[in-house]
Amino acid sequence: MEQLKGIHHVTAITSSAEKIYDFFTNILGMRLVKKTVNQDDIQTYHLFFADDVGNPGTDMTFFDFKGIAKAKKGTNEIARTSFRVASDRALSYWVKRFNHYGIVHSSVETVFGRKVVYFEDFDEQAYALFSDESVSGVSAGIPWKKGPVPNEFAIIGLGPIFLRVNRLDAMDTVLSEHMLMEKIANEGHLTLYVMGEGGNGASVIVEEDNALPNAQQGYGSVHHVAFRIEDKKALDLWTDRLNMIGAPNSGFVERFYFKSLYTRLYREILFEFATEGPGFMSDEETYETLGETLALPPKLKDHRSYIESVVRPIDTVRSTKVFEKETYDD
């Protein structure tokens, strides 16, 4: 059975598509590579932020479901999304950047021997920045070359995904036996699992917490996490594996930008398997204009007029703008 290759993407829920666009573009310096709609709820935006070209393993995406309540944090949830930067020096840059923009954050800490800074957005969505220094494994992405963050400090992909659960034995079975990850370390209430080539882009950190109530999903929480697989052939093998162990799953789902399979191997948490391609430059947008227009997959193209009438316009044009690289004095 082919091992999972790493994290593919994380999808979360925001209270405001406009605010999350500003936060990821102007503060985090990640590139909006696709502005589309939720394929199962076409009144809801689906925004994809990633590296310079939208490589798999670099993108965090957001829904802005209308009328949804704020999340209630707790146990049995995807608790935190993290990103990668190239060095410890980059983390020092980000502490200064977060101070400059008034972003709630921690100091530089260490977990499993890796340097990390924790932070949050306007919805109290929880994030982390991990340094790749001295951490080998799955390759990183490409800095957004025209973004506001100097290339040497830029976010270059997704880092370890944090899960918080009250049934550690059950989650261990899911990750180790069913999803073929390797448990490599324990640190307090945290357990580290890796897949594929390992490293920050292929790690899951599980926190055991039996005291908190069950989390309630809403804005400020993660909807699901997707893991990378090579292609449709690998997707079919994983479908067969899930069926063999009696795991509820969606079967094949065509998302156009990638092919997917969804499952709840652990009841409260939604996992997705997603293929490496075809990617985000496979339809009407060029490299220069990624994310600037409302992109629709083939099954929705005939409904463009209606969709444009029910989703408010958001100005995401950046090809006509110049971002100055922002630095801070020591």
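Selection of first residues in the stretch 1-25 that are in contact (Cβ under 8 Å) with a residue 60 or more places away in the chain and of second residues that are assigned to a helix (DSSP H, G or I) and surrounded by fewer than 23 Cβ atoms within 10 Å (Cβ to Cβ), restricted to Cβ pairs under 6 Å at least 6 apart or on distinct chains, gives the following pairs, ordered by first then second residue: Glu2/Ala234. So which residues in the stretch 295-309 are surrounded by fewer than 16 Cβ atoms within 10 Å (Cβ to Cβ) and not in a helix (DSSP H, G or I)? Hits for the stretch 295-309 are Pro297, Asp302, His303. All conditions in (1) at negative phi; (2) in a loop (DSSP other than H, G, I, E, B); (3) surrounded by fewer than 20 Cβ atoms within 10 Å (Cβ to Cβ) hold for Val95, with the sole exception of (2). Might you check whether a residue that is more than 12 Å from the chain's Cα centre (by Cα) and either among the basic types (Lys, Arg) or in a strand (DSSP E or B) (or both) occurs anywhere in the stretch 64-71? Looking for residues that are more than 12 Å from the chain's Cα centre (by Cα) and either among the basic types (Lys, Arg) or in a strand (DSSP E or B) (or both), one finds at least one in the stretch 64-71, hence yes. Surrounded by fewer than 16 Cβ atoms within 10 Å (Cβ to Cβ), touching a strand residue (DSSP E or B) at 6+ places or on another chain (Cβ under 7 Å), hydrophobic (A, V, I, L, M, F, W, C) and in contact (Cβ under 8 Å) with a residue 40 or more places away in the chain: does that describe Ala185? So Ala185 passes the test. Contact annotation: residue pairs with Cβ atoms under 6 Å, 6 or more positions apart or on different chains, pairing a residue in the stretch 248-264 that is in contact (Cβ under 8 Å) with a residue 24 or more places away in the chain with a partner that is acidic (Asp, Glu) and crowded, with 21+ Cβ neighbours inside 10 Å, are Ser260/Glu272; Tyr262/Glu272. Take the residues in the stretch 310-323 that are loosely packed, with under 10 Cβ neighbours inside 10 Å and not basic (Lys, Arg), then tell me which one is nearest to Asp22 (Cα to Cα). The qualifying residue nearest to Asp22 (Cα to Cα) is Asp315.
Among the candidates Ser107, Ser82, the residue that is outside any strand (DSSP E or B), small (Gly, Ala, Ser) and touching a strand residue (DSSP E or B) at 6+ places or on another chain (Cβ under 9 Å) is uniquely Ser107. Each residue in the stretch 214-260 was checked for being part of a loop (DSSP other than H, G, I, E, B), surrounded by fewer than 17 Cβ atoms within 10 Å (Cβ to Cβ) and in contact with a Phe, Trp or Tyr (Cβ under 8 Å, 6 or more places away or on another chain), and 1 of them qualify. Please tell me if Ser176 is over 27 Å from Gln217 (Cβ atoms) and of a type in the set (Ser, Thr, Tyr). Taking the combined requirement at face value, the residue does not satisfy it. Note on the stretch 140-181: residues that are under 22 Å from Asn243 (Cα atoms) and touching a Phe, Trp or Tyr at 6+ places or on another chain (Cβ under 8 Å) amount to 7. When Glu326, Glu285, Glu292 are checked against the criterion of being over 24 Å from Ile27 (Cα atoms), charged (D, E, K, R) and surrounded by 13 or more Cβ atoms within 10 Å (Cβ to Cβ), a single residue qualifies: Glu285. Looking only at residues in the stretch 1-44 that are hydroxyl-bearing (Ser, Thr, Tyr) and modelled with pLDDT under 95, the one that is surrounded by the most Cβ atoms within 10 Å (Cβ to Cβ) is Thr36.
Within the stretch 82-89, does at least one residue satisfy the condition of being over 12 Å from the mean Cα position of the chain (by Cα) and polar (S, T, N, Q)? Looking through the stretch 82-89, at least one residue is over 12 Å from the mean Cα position of the chain (by Cα) and polar (S, T, N, Q). Only residues that are under 19 Å from His8 (Cα atoms) and of a type in the set (Ser, Thr, Tyr) were counted in the stretch 154-184, giving 1. Within this structure, Glu272 fails the test of being assigned to a loop (DSSP other than H, G, I, E, B) and surrounded by 15 or more Cβ atoms within 10 Å (Cβ to Cβ). Screening Lys35 against (1) in a helix (DSSP H, G or I); (2) more than 16 Å from Val222 (Cβ to Cβ); (3) touching a residue at least 12 places away in the same chain (Cβ under 8 Å) leaves a single unmet condition, (1).
When you check Gly198 against the structure, is it buried (at least 17 other Cβ atoms within 10 Å of the Cβ), part of a loop (DSSP other than H, G, I, E, B) and of a type outside the set (Phe, Trp, Tyr), yes or no? Answer is yes for this residue. With respect to Glu120, is the statement that it is in contact with a Phe, Trp or Tyr (Cβ under 9 Å, 6 or more places away or on another chain) and among the acidic types (Asp, Glu) true? In short, yes.
The values are calculated or read from the model by the stated rules, or taken from the named source; none is laboratory data. Values in this document were obtained by computation on a predicted structure and should not be read as measured data. Glycine also receives a Cβ, built like all others from the backbone with ideal geometry; neighbour counts cover every protein chain displayed.
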